[in-house]
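What follows is a short report on a single structure.
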Amino acid sequence: MKYWKKYSKEKLIQRIDEALESTVDFQNSKYLGYPVSKLDENVFNTSGAFLNDSPLLKSFIANPNNIGCHTLGKSEEAFKGSQELEKEVLKVLAIDIFKSKEDAFDGYIATGGTEANIQALWIYRNHFKKAYKASLNEMVILSSEDTHYSVHKGSNLLSVDAVSIPVDFNSREIIVDELEAIVKNLVSEGKKYFMVISNMATTMFGSVDNPDVYAEVLTKFNTIFKIHVDGAFGGFIYPISNRNSTINFENPNVSSITIDAHKMLQAPYGTGVFLCRKGLIENVLTKEAQYVDGMDLTMVGSRSGANAIAVWMILFSYGYYGWFERINTLLLRTEWFCNQLNQLNIEYFRDPFMNIVTLKSEFVPEAIAHKYGLVPETHNGNNKWYKVIMMSHVEIEDLLKFINELKKS
Ligand SMILES: *Cc1c(COP(=O)(O)O)cnc(C)c1O
């Protein structure tokens, strides 16, 4: 781990104070032209000794705007400090976790996984247009049937068809024969340019797609394709629990990745990370963004610098080893839970590197599922699965109560 270190509380506070000092000070400065300010002191409690120990609250009050993308070209001068911390977050993710080479990636902290996934599709749509003069009809989005619905939002917004690939009911793996048949058919219909969303842990099952399976089939049919990994849920777990994972930037099939900080990392909402290889993000340059100093390469405009600081704080409070231990605690609980289910002969799906266990609904009476807040696969009848996610608040004591009730039923 080159960048992912653990800092003391004092150091964290000091770095954040420095970052905020280099952010434009609206009270004492001559910035007359910025339509921005710190939080309204007539409304919010913006001063007091309590802020000394609350660097995140201080950041929210200072309200820096991390607008734009800071891995490429120039950036707004006024918010250097929080942009710098964002860049450190991106380095930890791109280089330490997802094995990019130095300076070989671009990215930013988006509003969430939805935006990051759509940003990827937007980039690829424009890339296919620019590089191959592709028409919308010649493009198609592929993903498994367990893929997050943000992909369908992207398809709708970008006017590119989306096709779902069936998965095996028990293993949740893409059915390769079906994938082949679908691609073959799409090619015969005139589709030439494929954008794939490959899951690094689906929302419902925690199942992980193998992007190489897509690459193999798409190469076999001589198509042009780009693969985006949706690690919105699994991005802070899977690459850490599975040290041999090849789903990262060392894999030439992987072009971009989504990672949400507001799920497993428990950051404030509005912290999804988008990462891609160099040379791609320029495809979504908005030339008309003239009042922004630097290139506007992001879907969202203004965005919270305090959110970037929050992610930075979490990463550098734990450090790699601290996070590794935390993940392992959750995986131990998951293992314990699976052992209990095995003893009860209850059928479930679980990826061995993930903290989600999805139970077949026939083994869980609806009332118990409801009582324990299990999430069904679908809310409109015919539900076949319920999931349990081992988060930090889901302790063995809680799981035990659930198991005992299942035993009784
Ligand atoms: C949650 C999730 C998303 C969407 O993320 P938001 O941050 O809610 O926009 C996308 N993909 C997967 C796999 C997710 O779990």
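Every number in this text was worked out from the coordinates using simple rules, so none of it is lab data. The structure presented is a predicted model; accordingly, all values stated were derived computationally and were not measured. Note that each Cβ is placed from the backbone with ideal geometry, even for glycine, and that neighbours are counted across all protein chains shown.
A few remarks follow.
- Packing-based order for 154-163, 7-16, using average beta carbon neighbours within 10 Å, highest first: 154-163, 7-16
- Computed over neighbours whose Cβ is under 12 Å from that of residue 74, the net charge equals -3, Lys and Arg +1, Asp and Glu -1.
- Taking θ as phi - 60° and the Karplus parameters 6.51, -1.76 and 1.60, the scalar couplings of segment 118-129 work out to 6, 4, 4, 5, 4, 4, 6, 4, 5, 4, 5, 4 Hz in sequence order, x denoting glycine and proline.
- Each of residue 135 and residue 11 was given a label point 7 Å from its Cα along the Cα-to-Cβ line. The distance between the two points is 5.8 nm.
- Normalising the average separation of contacting C-alpha pairs (under 8 angstrom, six or more residues apart) by the number of residues puts the relative contact order of the chain at 20 percent.
- Residues 115, 216, 397, 362, sorted so that the one with the fewest Cβ neighbours within 10 Å comes first: 397, 362, 216, 115
- Residues in segment 79-112 reached by a label modelled at residue 2 [backbone nitrogen below 13 Å; 7 Å Cα→Cβ]: 91-105
- Two-decimal Rg to Rh for the chain - Kirkwood Rh, Cα set: 0.99
- Between residue 385 and 361, 377, 378, the built amide H atoms are under 5 Å apart, and every one of these is 5 or more places off in sequence or on another chain.
- Per-residue HN-Hα couplings for segment 253-267 [Karplus 6.51, -1.76, 1.60; θ = phi - 60°; Hz; x = Gly/Pro]: 6, 9, 9, 7, 9, 9, 9, 8, 8, 8, 9, 4, 7, 6, 7
- Note on the chain: with charges restricted to the Cβ of Lys and Arg (+1) and Asp and Glu (-1), its dipole about the Cα centre is near 340 debye.
- Taking 0.36 nm per residue of sequence separation and removing the Cα-Cα distance, the residue 405/residue 149 pair yields an extension gain of 88.9 nm.
- Over 28 Å (Cα to Cα) - which of 80/226; 2/192; 5/226; 9/38; 38/87 fall in this group: 80/226; 2/192; 5/226
- Here the Karplus relation 6.51 cos²θ - 1.76 cosθ + 1.60, evaluated at θ = phi - 60°, turns the backbone of segment 58-66 into coupling constants of 4, 5, 4, 5, 5, 6, x, 10, 8 Hz, with x for every Gly and Pro.
- For residue 246, net neighbour charge (Lys/Arg +1, Asp/Glu -1) across residues whose Cβ lies under 10 Å away: -1
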